[in-house]
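Encoded as structure tokens, the structure appears first; notes follow it.
Coordinate-derived values only; no laboratory data. In this text the structure is predicted, and so the values were computed from the model without any measurement. All Cβ positions, glycine included, derive from the backbone under ideal geometry; neighbour counts span all protein chains shown.
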Amino acid sequence: MNFKELDPLLHSELRLAIVSILISVESADFNFIKETTGATNGNISVQIEKLKTAGYIDVEKRFKGKMPQTICKITPKGVTALEQYVEALKSYIDL
Amino acid sequence: MEERNLNSKESLELIAQMIQSTRSKLEKGGSIYFLVWGYISFITTIAVYAALTISGNPHYNWLWFTIPLIGAPIMAVIQRRAPKKATTYIDRIIGYLWLVIGIVVMFVPIVSIFLDFRFPILAVIGILLSIGVTLTGLIIEFKTFWIAGLICIALSFCTLFVKGMDQIIIYGIIILVSMIIPGHILKQKENKR
């Protein structure tokens, strides 16, 4: 059996959850990610920063009225990374 | 949820769970738009019908313009109170669809003021709205909407064959069938999720 290497950046619960949310939408704000994952603000911020640094997501900070908003979008690189990650997973569980 | 490594099965389950959870969260909230516009249009239709029947004064047709004048600020308040936290490509497509339909629907009566022949305003607006409802139903895969939309396209064509006040009655039925009834069914479905 030939096992493919798993992307270490995605092989973490919260980062994988964030990328999975973003693959289903065009964009999502920080609070939506928080509600869906149930993680803390600090933890999400750290993981978003790591995904952004890797070029997997784009992050835009803006204001809606007086409220600050952090909008996240998956990049083509992030989409490819998730596809490759799922392919790699399949080789481990023999799908 | 925290930063921990998962095994292969857990990873696949997490991806599926997040996609499912995101979808079910985003499928809520669409009914409010149909209900607000539907009820404002329906009440205005009854008001115009009553005013024209009682007074016979055609100037009461200006009452139609209360639909955007009341609807637009209500929509702005709804969107400000509950801003969308995530948007999908489907949201964008439906948003643009209704933006274009809304603008054209606004221009139809305005342009008709300058025409020197009787333009079938209610039939044209009915067709435009029904096309919007049908396409929305097809895009979000909600059968009630596209069936209601198709029925109302047919009803809109019927409007061309009747005259005067009967046109307003059919238009009222179009609003009821294409927006209010499907809006309530969608709301019920949203509440069950």
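Data overview
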item	result
Residue match in segment A:49-71 (condition: part of a helix (DSSP H, G or I) and either among the aromatic types (Phe, Trp, Tyr) or buried (at least 19 other Cβ atoms within 10 Å of the Cβ) (or both))	yes
Enumeration of residues in segment B:128-145 that are free of Cβ contacts under 8 Å to residues at least 40 places away in the same chain and surrounded by fewer than 20 Cβ atoms within 10 Å (Cβ to Cβ)	B:Leu128, B:Ile131, B:Leu135, B:Leu138, B:Glu141, B:Lys143
In segment B:152-166, residue surrounded by the fewest Cβ atoms within 10 Å (Cβ to Cβ) [restricted to those that are more than 11 Å from B:Gly126 (Cα to Cα) and of a type outside the set (D, E, K, R)]	B:Gly164
Sole exception among (1) within 14 Å of another protein chain (Cβ to nearest Cβ); (2) free of Cβ contacts under 8 Å to residues at least 12 places away in the same chain; (3) among the acidic types (Asp, Glu) for B:Asp116, by number	(1)
Candidate set: segment A:23-48, residues that are free of Cβ contacts under 8 Å to residues at least 24 places away in the same chain and facing another protein chain (nearest Cβ under 7 Å); chosen: the one surrounded by the fewest Cβ atoms within 10 Å (Cβ to Cβ)	A:Gly38
Checking A:Ser20 against (1) facing another protein chain (nearest Cβ under 9 Å); (2) more than 10 Å from the chain's Cα centre (by Cα); (3) of a type in the set (Ser, Thr, Tyr), the condition it does not meet	(2)
Search result, residues across segment B:1-57 that are within 8 Å of another protein chain (Cβ to nearest Cβ), in contact with a helix residue (DSSP H, G or I) (Cβ under 7 Å, 6 or more places away or on another chain) and crowded, with 16+ Cβ neighbours inside 10 Å	B:Met1, B:Leu6, B:Ser8, B:Ser11, B:Leu12, B:Leu14, B:Ile15, B:Met18, B:Ser21, B:Thr22, B:Lys25
